[in-house]
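J.: Once you've had a glance at the structure underneath, I'll fire off some questions.
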């Protein structure tokens, strides 16, 4: 058993895969983790949606390629079968293919794990799911505003540097890291962009793409590039394309 992961939190978990051996292997790995409790397995997308609706699992380990409804289709429909956002599960895609990562993260997946799954890699994905769940249950109102991160401590040679949030103009995802852009340079921080987004004050920052968060006051305009494609203009700097998942919230910022 792995100790420490989740600090006592336990995620009810549904395994979805059309290959019985893959399900069996995942059950074995999950049985070693105290922070997971398997509540069921499903062998296709339709069964997965029925079980998600009935069982309300907190985590879904979801295969990408399945007959009829694939993993992407299942992830898109979770909001339909679980209308309450507070009850929707975190989704970790588990797949032998690395070509669907962009679509997966556009659907706000917690992580994208390649087969054969190693236990330490799954543990990192679960840690992200636990972090998201913890951030999602944070207090609202004044208590929530006080919880927004105000500074970063980033490694630099043999020391740690303090970087104030108000110094950061842009944040880009780089695999398991984020790059914080500040005047005169940038810093790498070991954190996913999704977990960091949940700790940033939404009054100051807005996510415009699966791999980009911008400081709101750096956006000078929104440009329609045709065929439904929009970009955020940043003055003299290169514009940033807005991902379709984030377009509605970016337009709302402009009152559209």
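The values are calculated or read from the model by the stated rules, or taken from the named source; none is laboratory data. Worth saying up front: this structure is predicted, and the values here are computed from it rather than measured. Ideal geometry is used to build each Cβ from the backbone, glycine not excepted, and the neighbour counts take in all protein chains shown.
J.: Considering every residue within region 82-93, establish whether at least one is surrounded by fewer than 16 Cβ atoms within 10 Å (Cβ to Cβ), assigned by TED's automatic domain parsing to the domain that holds residue 127 and over 19 Å from residue 128 (Cα atoms). Step through it out loud before you land on a result.
T.: The initial filter retains those residues of region 82-93 that are surrounded by fewer than 16 Cβ atoms within 10 Å (Cβ to Cβ), namely 83-87.
Add one more test, that the residue is assigned by TED's automatic domain parsing to the domain that holds residue 127, and what stays is 83-87.
Narrowing the set further to residues that are over 19 Å from residue 128 (Cα atoms) leaves 83-84.
Yes: region 82-93 contains one or more residues that are surrounded by fewer than 16 Cβ atoms within 10 Å (Cβ to Cβ), assigned by TED's automatic domain parsing to the domain that holds residue 127 and over 19 Å from residue 128 (Cα atoms).
J.: Filter region 183-201 down to the residues that are surrounded by fewer than 13 Cβ atoms within 10 Å (Cβ to Cβ) and farther than 23 Å from residue 92 by Cβ and list them by number.
T.: 183, 184, 185
J.: Which number in (1) farther than 26 Å from residue 133 by Cβ; (2) modelled with pLDDT of 95 or more marks the one condition that residue 213 misses?
T.: Failing condition for residue 213: (1).
J.: Next question. Can residue 242 be described as buried (at least 16 other Cβ atoms within 10 Å of the Cβ) and touching a residue at least 40 places away in the same chain (Cβ under 8 Å)?
T.: no
J.: Select from region 178-205 the residues that are assigned to a strand (DSSP E or B) and closer than 24 Å to residue 230 by Cβ and write down the one among them that is modelled with the lowest pLDDT. First the steps, then the outcome.
T.: First, pick out the residues of region 178-205 that are assigned to a strand (DSSP E or B): 178-182, 185-190, 205.
Add one more test, that the residue is closer than 24 Å to residue 230 by Cβ, and what stays is 178-179, 181, 205.
Details: 178: 92, 179: 95, 181: 96, 205: 95.
Checking each candidate, the answer is 178.
J.: Hey, among the residues in region 7-29 that are without any contact (Cβ under 8 Å) to a residue 40 or more places away in the chain and under 21 Å from the mean Cα position of the chain (by Cα), which one's surrounded by the most Cβ atoms within 10 Å (Cβ to Cβ)?
T.: 10
J.: Pick out, from region 206-256, the strands (runs of 3 or more DSSP E) lying fully within it that include 1 or more residues that are more than 24 Å from the chain's Cα centre (by Cα).
T.: Of the strands (runs of 3 or more DSSP E) lying wholly inside region 206-256, those with at least 1 residues that are more than 24 Å from the chain's Cα centre (by Cα) span 221-226, 229-234, 237-242.
J.: Take the residues in region 154-177 that are assigned to a loop (DSSP other than H, G, I, E, B) and touching a strand residue (DSSP E or B) at 6+ places or on another chain (Cβ under 6 Å), then tell me which one is nearest to residue 241 (Cα to Cα).
T.: Top of the filtered list is 169.
J.: Going through region 224-239 one residue at a time, which ones are surrounded by fewer than 14 Cβ atoms within 10 Å (Cβ to Cβ) and either farther than 20 Å from residue 181 by Cβ or not assigned by TED's automatic domain parsing to the domain that holds residue 177 (or both)? It would help to see each step written out before you state the result.
T.: Looking only at region 224-239, we keep the residues that are surrounded by fewer than 14 Cβ atoms within 10 Å (Cβ to Cβ), and these are 224-229, 235-238.
Result: 224, 225, 226, 227, 228, 229.
J.: Those residues that are over 16 Å from residue 30 (Cβ atoms), within 15 Å of the chain's Cα centre (by Cα) and not in a loop (DSSP other than H, G, I, E, B), I need them from region 87-117; list them, please. I'd like the intermediate steps shown before the answer.
T.: Of the residues in region 87-117, the ones over 16 Å from residue 30 (Cβ atoms) are 87-88, 95-109, 112, 114.
Now restrict to residues that are within 15 Å of the chain's Cα centre (by Cα): 88, 100-109, 112.
Selection gives 101, 102, 103, 104, 105, 106, 112.
J.: Filter the helices (runs of 4 or more DSSP H) completely within region 12-86 down to those with at least 1 residues that are closer than 27 Å to residue 245 by Cβ. Lay out the reasoning, then the answer.
T.: Numbers: elements: 20-31, 45-55, 71-81.
The helices (runs of 4 or more DSSP H) meeting that bar are 45-55, 71-81.
J.: Return the total of residues in region 2-17 being out of contact with any helix residue (DSSP H, G or I) (no Cβ under 9 Å at 6 or more places or on another chain) and at pLDDT 95 or above. Even if it seems obvious, please write down each step before you answer.
T.: Keep residues of region 2-17 that are out of contact with any helix residue (DSSP H, G or I) (no Cβ under 9 Å at 6 or more places or on another chain), which gives 3-4, 8, 10.
Narrowing further to those that are at pLDDT 95 or above: none.
Final tally of qualifying residues: 0.
J.: Look at residue 61 and say whether it is assigned by TED's automatic domain parsing to the domain that holds residue 89 and modelled with pLDDT under 95.
T.: Against the criterion (assigned by TED's automatic domain parsing to the domain that holds residue 89 and modelled with pLDDT under 95), residue 61 does not qualify.
J.: Next question, about the same structure. If you check every pair at least six apart or on different chains, which have Cβ atoms under 7 Å apart with a residue in region 184-198 that is in the same structural domain as residue 151 (by TED's automatic domain parsing) and within 13 Å of residue 131 (Cβ to Cβ) first and a residue that is modelled with pLDDT of 90 or more and assigned to a loop (DSSP other than H, G, I, E, B) second?
T.: Listed by first residue and then by second, the contacts come to 193/211.
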